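Written below as structure tokens is the structure these notes are about.
The values are calculated or read from the model by the stated rules, or taken from the named source; none is laboratory data. Because the structure is a prediction, the values reported are computed rather than measured. Here Cβ is always computed from backbone atoms with ideal geometry, including for glycine, and neighbour counts include all displayed protein chains. The protein model used for the area step is the full one, side chains on, heavy atoms only, and it has no ligands, DNA or RNA in it. Shrake-Rupley method; radii C 1.70, N 1.55, O 1.52, S 1.80 Å.
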Amino acid sequence: MAKVRTQLVSWEDVVEWSRGLAEKVRASGYMPDVVIAVARGGYVPARLICDFLMINNLVSIQSQHWTEAAKAEERAIIKFPYEVDLSGMKALLVDDIVDTGESLLLAKDFIMRKWKPTDVKIAVLQWISSAAKFKPEYYHLEVREWVWFQYPWTRLEDTYQFFKKMLSEEAKYGKNEWTFEELVKSFMEWYEIDVGDKYFRDAVNSLVRDGFLEEEKGKYKLKL
Ligand code: ADP
């Protein structure tokens, strides 16, 4: 049984889900003039939606969570609040997933006020209905039980973070030395996903570079 609920998403899944999402937009009769990708997770789906719906106009907005002092409060912010003129245009705001949906709501509000399109509708690959504050106009899959989707565009980032969490936990129980094979074996027990040898190596090498792990004669130890 995995210790963290995780699901591996392949590049093929992403293409098929984007195709399905584009079909829903088309079937609804909504014809966007411009696609807006929510950075960073919406980039790949947004580009694919442009392809499936044959839309040439693609812009982006970065909305992300900002941890305020002492982590007392977390709120979403627009990272680069530049303005573009979308007056007279119908927009489709595309992201990978609506989890709480807070950052997407903020992006939509900013776009309506500052970019002034005639309409904005939201399209996502996945909608976590049990966690989300709202239901997007278009989604490909409804997710009822929360899980972390390991998308291909965050494979290294996620593997790196997952290793960090796992190693810190194992260290609490007295373990402080691993071979590469042991690291991979533990990872697969913890998360029940296999990201492949190259990503495992990239992540472990990054942890060494960042001073979290040290390596000597094929053994890895926690440094911090
Ligand atoms: P929040 O506003 O709480 O950060 P969002 O629903 O706006 O939640 O998600 C922000 C981004 O974080 C998403 O676009 C996605 O890239 C990533 N993310 C959030 N939840 C998940 C999840 N369950 N699995 C994978 N990625 C996620």
The chain, relative contact order in percent, only Cα pairs under 8 angstrom and at least six apart counted: 21 percent
Rotationally averaged projected area of the chain (alpha carbon convex hull; nm²): 14.2 nm²
Total charge dipole magnitude, the range 152-222, about the Cα centre, Cβ charges on Lys, Arg, Asp, Glu only, Debye to nearest 20: 160 debye
Sulfur and carbon atoms: percent of accessible area, the chain [1.4 Å]: 51 percent
Reachable aspartates and glutamates, given that their alpha-carbon falls under 18 Å from the alpha-carbon of residue 116 and they are not under 8 places away in the same chain: 33, 83, 85
Normalised contact order of the range 124-224, rounded percent, pairs of Cα under 8 Å and 6 or more residues apart: 23 percent
Cut-off of 10 Å, at most 15 other beta carbons, DSSP loop: longest stretch of the chain lacking such GluC sites (Glu not before Pro): 1-67
Partners for residue 135 among lysines (Cα-Cα distance below 18 Å; same-chain residues under 8 apart left out): 24, 108, 121
Residues with amide H under 5 Å from that of residue 213, placed H, sequence gap 5 or more: 208, 223
Computed Rg/Rh of the range 152-222, alpha carbon atoms with Kirkwood Rh: 0.92
Between the range 1-63 and the range 174-224, the alpha-carbon center distance in angstrom: 32 Å
Reach of residue 175 by Cα under 22 Å, taken over lysines that are not fewer than 8 positions away in the same chain: 3, 164, 165, 185, 217, 219, 221, 223
Dipole of the chain, positive direction: furthest Cα of 152, 111, 39, with charges on the beta-carbon: 111
The chain, accessible area per residue, ligands and nucleic acids excluded (1.4 Å, Å²): 55 Å²
Equivalent ellipsoid semi-axes, the range 4-85, via Cα gyration tensor eigenvalues times 5, rooted, Å: 28, 20, 10
